[in-house]
């Protein structure tokens, strides 16, 4: 095993434990977050305006990634077995293997852009390189989880595979256009995950010592707060919905924290 890479550590003088509790309303809000976009995309795909369904599918994938991410970290306040049941369900809807993502993501937190970080290694690529690498990325995560995750994670991956196989059978046997277009959109989204979920939040940070990039303002909210990535790495148990509050505390209480942060898009970041 590769030793953890030395990176930015969480400040000790900031209170964050009060941000952890999740109310029942917040939990249901997270669990249902992707559903309106999924329904909109399917409705558009079944209508004369089917090209517009691609944008709705992108937003569904983004919200599903957020929900998947919260389940990985146990931030939904659910029993752990239900977190994994949710990963299996999302795997079928997103046409992927989310348990391999879960294992790789925990390695990403442990090794922090170091040699053992399978997920984050594409953060050192150029934009063109990561886009070309994108279609291979999901298969690399599956391969490394199968080799390194052990029996428990292999079993979970097989459950993902079973759900995905049943979903693909339904899609092709039904022949419904809206499901075929959903499948195509999800395959494309999986090919772009390395770019949107990893590269843009880590590119250019390898030599800075920062845990990741952090976007503030309207653009961050349009991305469903998924770009508060530095804060997430420092305090991974804080739910995504509370990361803006955490960022405000860090800005106010940690000298130099705000000045050091690197946005995803600087011209859309109010702190810049």
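The values are calculated or read from the model by the stated rules, or taken from the named source; none is laboratory data. Model, not experiment: these values are computed from the prediction. Quick reminder, even Gly has a Cβ in these numbers, built from the backbone with ideal geometry, and neighbours come from all protein chains shown.
Which pairs have Cβ atoms under 8 Å, sit 6 or more apart or on different chains, and link a residue in the stretch 37-63 that is closer than 18 Å to residue 195 by Cβ and not assigned by TED's automatic domain parsing to the domain that holds residue 192 to one that is modelled with pLDDT of 95 or more and surrounded by fewer than 16 Cβ atoms within 10 Å (Cβ to Cβ)?
Correct list of pairs: empty, since none qualify.
I'm told residue 267 meets every condition in (1) touching a residue at least 12 places away in the same chain (Cβ under 8 Å); (2) part of a helix (DSSP H, G or I); (3) within 30 Å of residue 52 (Cα to Cα); (4) not assigned by TED's automatic domain parsing to the domain that holds residue 113 except one. Can you identify the failing condition by its number?
So residue 267 meets the others, but not (1).
When the residues of the stretch 158-178 are narrowed to those that are free of Cβ contacts under 8 Å to residues at least 12 places away in the same chain and in a helix (DSSP H, G or I), which ends up farthest from residue 57 (Cα to Cα)?
Looking at the filtered set, the residue picked out is 158.
Grab the helices (runs of 4 or more DSSP H) fully contained in the stretch 17-89, keeping just those with 3 or more residues being surrounded by 20 or more Cβ atoms within 10 Å (Cβ to Cβ) and on the phi < 0 side of the Ramachandran plot.
35-45, 53-72
For the stretch 200-248, name all the residues that are without any contact (Cβ under 8 Å) to a residue 24 or more places away in the chain and surrounded by 16 or more Cβ atoms within 10 Å (Cβ to Cβ).
Once the filter is applied, which keeps residues that are without any contact (Cβ under 8 Å) to a residue 24 or more places away in the chain and surrounded by 16 or more Cβ atoms within 10 Å (Cβ to Cβ), the stretch 200-248 yields 212, 228, 231, 232, 243.
For every residue, the table says whether it meets (1) more than 15 Å from the chain's Cα centre (by Cα); (2) without any contact (Cβ under 8 Å) to a residue 24 or more places away in the chain; (3) not assigned by TED's automatic domain parsing to the domain that holds residue 65.
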| residue | (1), (2), (3) |
| --- | --- |
| 85 | yes, yes, no |
| 91 | no, no, no |
| 117 | yes, no, no |
| 127 | yes, no, no |
| 136 | yes, yes, no |
| 141 | no, no, no |
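Any idea which of 184, 197 is surrounded by fewer than 19 Cβ atoms within 10 Å (Cβ to Cβ) and assigned by TED's automatic domain parsing to the domain that holds residue 102?
184
Kindly establish whether residue 232 is more than 17 Å from residue 270 (Cβ to Cβ) and at pLDDT below 95. Explain how you work it out, then say what you get.
On the way: more than 17 Å from residue 270 (Cβ to Cβ): yes; at pLDDT below 95: no.
The answer is no for residue 232.
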